[in-house]
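Have a look at the structure below, then the notes.
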Amino acid sequence: MEQKTNKQIVAGFYRDIIRDQKSDLLDEYVHDEYIQHSPMLRDGKSGLREALNYLKAMPKPAEPGPSPIVRMIAEEDMVMVHLDIIFMGKQRAVIDIFRLKDGKVSEHWDVQQDVPDVMPHGNGMF
């Protein structure tokens, strides 16, 4: 069996855990010593499970849109993901950074901001 790259693991994490909300696959993707650097979430798989339960309770879009992943960059054990998402009716630019250990997501950082309707200097965020 071919070993997956870190980018493939993170892409699978987004597909299976975030998009499809398969919390039964957390053990496959998330390290037992998972550290969450977002102040909104708790450490560990239990913190991710709480976040997934919150997402599951939210209304789903009538039409699933394209993948929100704009780009992924990997270097050694780190993967950075640039996302264009709609959350609670607002377009958001998101950067997620993951550290992987033993082929699983072991640490996460993120930064987000609203995308303005008009960019005064003409440069888009994506």
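The values are calculated or read from the model by the stated rules, or taken from the named source; none is laboratory data. Since this is a predicted model, take the numbers as computed values, not measurements. When we count neighbours, we look across all protein chains shown, and the Cβ atoms used for this are built from the backbone with ideal geometry, even at glycine.
Beta carbons closer than 6 Å, at least 6 apart along the sequence or on distinct chains, pair a first residue in segment 1-26 that is among the hydrophobic types (A, V, I, L, M, F, W, C) with a second that is surrounded by 17 or more Cβ atoms within 10 Å (Cβ to Cβ) and not in a helix (DSSP H, G or I) for V10/V79; V10/F98; F13/V105. Only a single item in (1) closer than 18 Å to Y14 by Cβ; (2) assigned to a strand (DSSP E or B) is not met by K60, and it is number (2).
Among residues of segment 110-126 that are touching a residue at least 60 places away in the same chain (Cβ under 8 Å), those with a beta-carbon under 8 Å from a residue that is surrounded by 10 or more Cβ atoms within 10 Å (Cβ to Cβ) and not in a loop (DSSP other than H, G, I, E, B) at least six positions away or on a different chain give the pairs D110/V94; D110/I95; D110/D96; D110/I97.
Quick one: would you say D27 is modelled with pLDDT of 95 or more, out of contact with any strand residue (DSSP E or B) (no Cβ under 8 Å at 6 or more places or on another chain) and loosely packed, with under 14 Cβ neighbours inside 10 Å? Here the answer is yes, as D27 does meet what is asked.
Table: residues versus (1) in contact with an Asp or Glu (Cβ under 7 Å, 6 or more places away or on another chain); (2) not in a strand (DSSP E or B).
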residue: D27; (1), (2): no, yes
residue: P39; (1), (2): no, yes
residue: Y54; (1), (2): no, yes
residue: A74; (1), (2): no, no
residue: M80; (1), (2): no, no
residue: I86; (1), (2): no, no
residue: R92; (1), (2): yes, no
residue: L100; (1), (2): yes, no
residue: G124; (1), (2): no, yes
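To keep it simple, each residue is scored yes or no on (1) under 17 Å from W109 (Cβ atoms); (2) surrounded by fewer than 15 Cβ atoms within 10 Å (Cβ to Cβ); (3) not acidic (D, E).
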| site | (1), (2), (3) |
| --- | --- |
| D16 | no, no, no |
| D20 | no, yes, no |
| Q36 | yes, no, yes |
| G44 | yes, no, yes |
| G65 | no, yes, yes |
| I73 | yes, yes, yes |
| R92 | yes, no, yes |
| D96 | yes, no, no |
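Considering segment 108-126, and only residues there that are under 30 Å from Q36 (Cβ atoms) and among the polar types (S, T, N, Q), the residue that is nearest to the chain's Cα centre (by Cα) turns out to be Q112.
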